[in-house]
Amino acid sequence: MELALASWYLLDENEAISQSRSHYDSHVQHTAEAPKPSKSVETECEHDYVLNEQVGTVCSLCGFTASTHSTPNKEQKTEDDTEHKQSENRDLEQFCIPAPSTAPSNIGEGKNKVWDLIPDLKDKLRSHQKRAFEFLWRNIAGSLIPSRMEKKKKRRGGCVISHTPGAGKTLLIIAFLVSYLKLFPGSRPLVLAPKTTLYTWYKEIIKWKVPIPVYQIHGGQTYKGEVLKQRMKLAPGLPRNQDVMHVLDCLEKMQRWLSHPSILLMGYTSFLTLTREDSPYAHRKYMAQLLKQCPGILILDEGHNPRSTKSRLRKALMKVNTRLRVLLSGTLFQNNFGEYFNTLCLARPSFVNEVLKELDPKYEKRNKARQTQYSLENRGRKLLIDKISKKIDSNKGGERAQALKTLKKLTSKFIDVYEGGTSDELPGLQCYTLMMKSTSLQQEILLKLQNQRPVYRGFPLELELLITLGAIHPWLIRTTACSKQYFSSEELDDLEKFKFDMKCGSKVRFVMNLVPRCLIRNEKLLIFCHNIAPINLFLQIFERFYGWRKGREVLVLQGDIELFERGRVMDKFEEPGGPSKIMLASITACAEGISLTAASRVILLDSEWNPSKSKQAIARAFRPGQNKVVYVYQLLANGTLEEEKHSRTTWKEWVSDMIFSDEHVEDPSHWQAPKIEDELLREIVEEDRATLFHRIMKNEKASNVIRDKGMIIKENVM
């Protein structure tokens, strides 16, 4: 196996030094078009090149310019536009950008079926993964039988794998790509993933011993913080400039990806950075063109994220010149049908034409040559909303049924849905919605904020932020700059004395009631919240009351943590017998694609407009590898915006279930039941129900039976 996720893992010291120096030397020879420096400069200075946006490639030590570019005057700009464009084209012409191969080769390897291509991996796949494996081949290649693929190439197109979180989508894609590259060695797969899931890909590739090279393009922070440090230890003579080394690393891995059958893996942020169209450098333009033109198949992990019409990332992804795409998502329907349409178009660019053909009666008569992709998408999105979304929202059962039937007709051929599965093999899941009573201080603050709502059209984000923070603990209001718009300086200063008063914040009080009970039962706690301020407050509280330190007993996962450090934090939390007790995590940055099965108690401090975020957060603990029953507590401040948000997300979840389920989906009002089947929660309720809880509901839909060694355990109902 060749795994180039971090270059030093596979190269011995001499090989790393020779390869790195040769790549650096060849790069400098290629870019140095200016006159050579004098002998005195060559002998006195070991150039350390810096990429200067105004000047070009410049030595930071002696000022020597290896390559230059200039900005024309306003008078010259118009005259030089044509010459500048011709120069850009000449820069790119010196690079060869090969097209991917779409015709199958090595057909003899899988004469009967594609399963013959991966005899070792086949036995590692579960039944739903095997079904999805065949689904991928039918959509991407047209057939399961290699000899028939060329005849059925018209069937090829993008598709979606919508499997519940923790169902093994990463292993499924690894198995598919290994088999696909054997039959299509020139296809050049490009795998894109959020920063939060890159470490999961890294571990899965090592775990399953992928027999093909995988090259990872690291983000700047990860490369400078981890990869380059190791390279410099192996080769101290390398240039000291980190930006130059990062560019060389990217170019090296892309060239290897082009030269032989392999996979290129990178984060969405790196992809967006490398596909910039306004860079003045030839090598930057080359990498941008390469990423747009060379992939034969595009894998989009958590591909529902770039779903906004205005998203720069989505626009860049739509420019990748391949219709063979696989979008992975555990929560495909996010907020509304407009975003759902955008997501499906990202996975299958031809979907917009399929929608227009089905819903637009004048589609055949329209002059398609005069229409842009943008205008087609706008009309397709509007038709989907008007003729499907609004009917699904209506109270007329007949209209809703017909709209759902039409939608499934449009999508069923290229979306593989799997909602069951792993939950049947796990000990159990119990989800509770806790409507918290606010303390007197909280009530005063939240009521003041709630009363500001009629003044505005909609709900300002800063007002929503203040309500969210105040519902956790009143002191958190002080941490925001916008609080001065709603509170006087005296009021804010007065809150300081309540910072460590646990009785002033109902949600903090619940957490502090839960923690000692988890310690007694030797259970770890995972706390998700939307904002950083509550994380910092809890760090101080745990240090003050328990003497726990960050990085030891209390671990933190936030969006600004780089790849390998993120991995170390997760490994510490998962370490059996380790000192960690609690994980504080940002739900925005850390709720997708990672495994935190050491936790058996999950607290959701905030309410979300998007139900998929909560679902993804729960799936960090409730997934394969979990050996305990997982208990989830969604904390909501009664009578506030949080209650309204919860009602809205319940409706969205109901719509999502109707879209993907073949069975009847009951009304959301039946999902909640006023009962407690959690012994630990029952203890807290009996001790402090009058002042802490307004109402406790068990989410019957999200929960499942509790199992112990194959036997179903029925707990006492309060």
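If I go through the stretch 565-613 residue by residue, how many of them are without any contact (Cβ under 8 Å) to a residue 40 or more places away in the chain and under 14 Å from LEU526 (Cβ atoms)?
Residues meeting the conditions: 4.
Does ARG544 qualify as being surrounded by fewer than 20 Cβ atoms within 10 Å (Cβ to Cβ), under 20 Å from VAL685 (Cα atoms) and touching a residue at least 24 places away in the same chain (Cβ under 8 Å)?
Working: surrounded by fewer than 20 Cβ atoms within 10 Å (Cβ to Cβ): yes; under 20 Å from VAL685 (Cα atoms): no; touching a residue at least 24 places away in the same chain (Cβ under 8 Å): yes.
For ARG544, the condition - surrounded by fewer than 20 Cβ atoms within 10 Å (Cβ to Cβ), under 20 Å from VAL685 (Cα atoms) and touching a residue at least 24 places away in the same chain (Cβ under 8 Å) - is not met.
Quick check on this structure: which one of LEU324, LEU298 is assigned by TED's automatic domain parsing to the domain that holds THR343, under 19 Å from the mean Cα position of the chain (by Cα) and not polar (S, T, N, Q)?
Matching residue, one of LEU324, LEU298: LEU298.
Restricting the search to the stretch 302-318, which residues are of a type in the set (Gly, Ala, Ser) and in contact with an Asp or Glu (Cβ under 8 Å, 6 or more places away or on another chain)? Can you show your working first?
Of all residues in the stretch 302-318, those of a type in the set (Gly, Ala, Ser) come to 303, 308, 311, 316.
Answer for the stretch 302-318, where residues must be of a type in the set (Gly, Ala, Ser) and in contact with an Asp or Glu (Cβ under 8 Å, 6 or more places away or on another chain): just SER308.
Here is a yes/no grid of residues against (1) more than 20 Å from the chain's Cα centre (by Cα); (2) in the same structural domain as LEU332 (by TED's automatic domain parsing); (3) at pLDDT 90 or above; (4) not in a loop (DSSP other than H, G, I, E, B):
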{"site": "ARG623", "(1), (2), (3), (4)": "no, no, no, no"}
{"site": "VAL632", "(1), (2), (3), (4)": "yes, no, yes, yes"}
{"site": "LEU636", "(1), (2), (3), (4)": "yes, no, yes, yes"}
{"site": "ARG648", "(1), (2), (3), (4)": "yes, no, no, yes"}
{"site": "VAL655", "(1), (2), (3), (4)": "yes, no, no, yes"}
{"site": "ILE659", "(1), (2), (3), (4)": "yes, no, no, yes"}
{"site": "GLU663", "(1), (2), (3), (4)": "yes, no, no, no"}
{"site": "SER669", "(1), (2), (3), (4)": "yes, no, no, yes"}
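All but one of (1) assigned by TED's automatic domain parsing to the domain that holds ARG156; (2) hydrophobic (A, V, I, L, M, F, W, C); (3) more than 25 Å from GLY142 (Cβ to Cβ); (4) outside any loop (DSSP other than H, G, I, E, B) hold for LEU384, so report the exception by its number.
Going through the list (1) assigned by TED's automatic domain parsing to the domain that holds ARG156; (2) hydrophobic (A, V, I, L, M, F, W, C); (3) more than 25 Å from GLY142 (Cβ to Cβ); (4) outside any loop (DSSP other than H, G, I, E, B), LEU384 breaks only (1).
What residue, of ARG379, ARG400, is of a type outside the set (A, V, I, L, M, F, W, C), in contact with a helix residue (DSSP H, G or I) (Cβ under 7 Å, 6 or more places away or on another chain), in a helix (DSSP H, G or I) and under 29 Å from GLN616 (Cβ atoms)?
Values: ARG379 fails: under 29 Å from GLN616 (Cβ atoms).
Result of the check over ARG379, ARG400: ARG400.
Looking at the stretch 467-482, is at least one residue more than 27 Å from ARG682 (Cα to Cα) and either among the polar types (S, T, N, Q) or assigned by TED's automatic domain parsing to the domain that holds GLU644 (or both)?
yes
Considering only residues of the stretch 273-309 that are within 24 Å of PRO100 (Cβ to Cβ) and out of contact with any Leu (no Cβ under 9 Å at 6 or more places or on another chain), which is surrounded by the fewest Cβ atoms within 10 Å (Cβ to Cβ)?
That would be GLU277.
Look at TYR374 and say whether it is modelled with pLDDT under 95, within 26 Å of LEU291 (Cβ to Cβ) and among the aromatic types (Phe, Trp, Tyr).
On the way: modelled with pLDDT under 95: yes; within 26 Å of LEU291 (Cβ to Cβ): yes; among the aromatic types (Phe, Trp, Tyr): yes.
So TYR374 passes the test.
Taking the criterion of being surrounded by 19 or more Cβ atoms within 10 Å (Cβ to Cβ) and farther than 29 Å from LEU692 by Cβ, would at least one residue in the stretch 568-585 satisfy it?
To start, the set of residues in the stretch 568-585 that are surrounded by 19 or more Cβ atoms within 10 Å (Cβ to Cβ) comprises 569-570, 573, 580-585.
Checking which are farther than 29 Å from LEU692 by Cβ leaves us with 569-570.
Yes; the residues of the stretch 568-585 include at least one that is surrounded by 19 or more Cβ atoms within 10 Å (Cβ to Cβ) and farther than 29 Å from LEU692 by Cβ.
Provide a single number: the residues in the stretch 290-346 that are in a helix (DSSP H, G or I), within 29 Å of LYS645 (Cα to Cα) and among the small types (Gly, Ala, Ser).
The initial filter retains those residues of the stretch 290-346 that are in a helix (DSSP H, G or I), namely 290-293, 312-318, 337-346.
Narrowing further to those that are within 29 Å of LYS645 (Cα to Cα): 312-314, 337-346.
Now restrict to residues that are among the small types (Gly, Ala, Ser): 338.
Counting residues in the stretch 290-346 that are in a helix (DSSP H, G or I), within 29 Å of LYS645 (Cα to Cα) and among the small types (Gly, Ala, Ser) gives 1.
In the stretch 546-602, which residue that is among the β-branched types (Val, Ile, Thr) and at pLDDT 90 or above is nearest to PRO624 (Cα to Cα)?
Restricting to residues being among the β-branched types (Val, Ile, Thr) and at pLDDT 90 or above, the top hit is THR597.
So which helices (runs of 4 or more DSSP H) stay within the stretch 198-282 end to end and still have 2 or more residues that are modelled with pLDDT of 85 or more and of a type outside the set (A, V, I, L, M)? Even if it seems obvious, please write down each step before you answer.
On the way: elements: 228-234, 242-259, 268-274.
Per the criteria, 242-259, 268-274.
Name the single residue, out of those in the stretch 139-173 being in a helix (DSSP H, G or I) and more than 30 Å from GLU653 (Cβ to Cβ), that is nearest to the chain's Cα centre (by Cα).
To start, the set of residues in the stretch 139-173 that are in a helix (DSSP H, G or I) comprises 139-140, 146-148, 153-155, 169-173.
From what's left, more than 30 Å from GLU653 (Cβ to Cβ): 140, 146-148, 153-155.
Details: ILE140: 23, PRO146: 33, SER147: 37, ARG148: 36, LYS153: 31, LYS154: 31, ARG155: 29 Å.
My answer is ILE140.
Take the stretch 521-569 and flag every residue that is over 30 Å from GLU464 (Cβ atoms), among the hydrophobic types (A, V, I, L, M, F, W, C) and touching a Leu at 6+ places or on another chain (Cβ under 9 Å).
The answer is TRP548, LEU563.
Against the definition (aliphatic (A, V, I, L, M), in contact with a Phe, Trp or Tyr (Cβ under 6 Å, 6 or more places away or on another chain) and in the same structural domain as ASN699 (by TED's automatic domain parsing)), how does LEU356 come out, yes or no?
Working: aliphatic (A, V, I, L, M): yes; in contact with a Phe, Trp or Tyr (Cβ under 6 Å, 6 or more places away or on another chain): yes; in the same structural domain as ASN699 (by TED's automatic domain parsing): no.
Against the criterion (aliphatic (A, V, I, L, M), in contact with a Phe, Trp or Tyr (Cβ under 6 Å, 6 or more places away or on another chain) and in the same structural domain as ASN699 (by TED's automatic domain parsing)), LEU356 does not qualify.
Yes/no matrix, rows are residues, columns are (1) of a type in the set (Asp, Glu); (2) within 20 Å of ILE173 (Cβ to Cβ); (3) touching an Asp or Glu at 6+ places or on another chain (Cβ under 8 Å):
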{"position": "MET254", "(1), (2), (3)": "no, no, no"}
{"position": "LEU272", "(1), (2), (3)": "no, no, no"}
{"position": "GLU277", "(1), (2), (3)": "yes, no, no"}
{"position": "LEU291", "(1), (2), (3)": "no, yes, no"}
{"position": "LEU300", "(1), (2), (3)": "no, yes, no"}
{"position": "THR322", "(1), (2), (3)": "no, yes, no"}
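The values are calculated or read from the model by the stated rules, or taken from the named source; none is laboratory data. What you see is a predicted model; the values in this text were computed from it and never measured. As a convention, Cβ positions derive from the backbone with ideal geometry for all residues, glycine included, and neighbour counts pool all protein chains shown.
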